[in-house]
Each structure stands twice: as structure tokens, then as C-alpha cells.
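To keep things clear, I will list the structure first and then write my remarks on it.
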Amino acid sequence: MPNPPAGLCDSCRHQKLIGTTRGSVFSMCLRARTDPAFPKYPRIPVGSCPGYERRLSSPPAS
Ligand code: SF4
């Protein structure tokens, strides 16, 4: 879970969590890879998003 929480992204299947060696966790949007309309690192917390799709399973541990 990113700190602070990323809002909608935290339950979205397009979120990828990026951990740093300092212990911070950033919320990356994978949709940004294929659609420039989505920022790679959206301003959080995200309250609404046209690309949101609910994640059905837990993200793989990173
Ligand atoms: S598609 Fe939207 S809700 Fe999903 S990770 Fe990207 S910015 Fe967040």
C-alpha cells in the first residue's frame, strides 16, 4: 500500500506499486504506457478516473 494512500488506484488493476530503497512506495499507473492521457504517476489520492478497472486479485509481492 502506498503511503499516503492513492485512493482509487489502490483497488485498480492498472496500478503498479514501486518501492524505493528508502521504504517509500509510489503508485504508478500502467495505463500510461499505452495511453498518454494517463500520467505515469497520478496526483494522489485519485478520486475518479475514466480508466479505472477494479482489481480482482491481490497484486504480486514486489
Ligand atoms: S487507470 Fe486510473 S485508477 Fe487505475 S491506476 Fe491508472 S490512474 Fe489509477
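What about S57, is it in contact (Cβ under 8 Å) with a residue 40 or more places away in the chain and polar (S, T, N, Q)?
Spelling it out, it is not the case that S57 is in contact (Cβ under 8 Å) with a residue 40 or more places away in the chain and polar (S, T, N, Q).
Give the residues of the stretch 12-36 that are over 8 Å from the mean Cα position of the chain (by Cα), more than 8 Å from the ligand (Cβ to nearest atom) and open to solvent by less than 80 Å² (accessible area, probe 1.4 Å), sorted by residue number.
Of everything in the stretch 12-36, those that are over 8 Å from the mean Cα position of the chain (by Cα), more than 8 Å from the ligand (Cβ to nearest atom) and open to solvent by less than 80 Å² (accessible area, probe 1.4 Å) turn out to be I18, G19, T20, G23, S24, V25, D35.
Just to check your reading of the model, which residue among R54, R43 is farther than 16 Å from P2 by Cβ and not small (G, A, S)? Working first, answer last.
Working: R43 fails: farther than 16 Å from P2 by Cβ.
After ruling out the rest, the residue left standing is R54.
Looking only at the stretch 14-33, how many residues end up being in contact (Cβ under 8 Å) with a residue 24 or more places away in the chain and touching a Gly at 6+ places or on another chain (Cβ under 7 Å)?
Number of matching residues: 2.
Can you name the residue in the stretch 37-60 that is farther than 12 Å from D10 by Cβ and in contact with a Cys (Cβ under 9 Å, 6 or more places away or on another chain) and, of all such residues, is nearest to the ligand (Cβ to nearest atom)?
Only one residue tops the list, namely G51.
The values are calculated or read from the model by the stated rules, or taken from the named source; none is laboratory data. As the structure is a computational prediction, the values presented were derived from the model and not from experiment. With ideal geometry, Cβ positions are generated from the backbone for all residues, glycine too; neighbour counts draw on all protein chains shown. Note: areas computed on protein heavy atoms with side chains; ligands, DNA, RNA excluded. Shrake-Rupley method; radii C 1.70, N 1.55, O 1.52, S 1.80 Å.
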